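Structure first, then comments.
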Amino acid sequence: MKIGLIIGSVILVLFLVFCLVPLKEVSYAVTVEYEDTETYYEEQPYESSETHTNSIPLQYRVTDAHDYIENGKPVLCVSLKNEDDSPGIFCIRFIIELSTISIGSGAINITSGTFHDQIELDLDPAEIETAIYLLNLNAQSDNWSWGYEVIPDTKDVDTAVMVTKYLRVEKQRPVTRQRPETHYRSVTLLDYLLHYY
């Protein structure tokens, strides 16, 4: 009887150890969060001064424009003043309208047309000069009229212009990330045999 009791006690102790006491270590995967630093880039605007070069015409003023007759020929005059601070060449382009009537052998012939010619004036600042153009026609018999246009020289002018540019800047910020980790725990032999073996 004592032997049965001892054997029963041993079996009970072994059963309890087998079912209740954690004796075996097993691994399992978990996802854990952790803090990290992330690098990112941002385009930051900033103002910058740039120099732009522009070509602009010189300033001038027509001080006089007239015509007169000399030896039966028309003489055209245009006076110009350079009102800029730079010297330059000013082109005076004469525009002449001409019509001629001729009578011959019972017919009246009328011819008309426009022609152009030009004179250049090289003027220093504040200088005045006159372009004089002699028309090779008969002022009495020919019908004519004239006009002109001035084509000034140009100069380069630098202008400071503010423009927006962008700079790529590296920045950092905290972020929460996840990673898998292997953890360990102790289980009973019964649990190990039922779930892990």
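In this calculation the C-beta distance from S55 to V175 is compared with R0 = 45 Å, giving a FRET efficiency of 0.25. Taking other C-beta atoms within 10 angstrom as a stand-in for reagent exposure, E83, E42 fall in the order E42, E83, fewest first.
Values in this text are rule-based calculations from the coordinates and carry no lab data. Not measured: the values here are computed from a predicted model. Here Cβ is always computed from backbone atoms with ideal geometry, including for glycine, and neighbour counts include all displayed protein chains.
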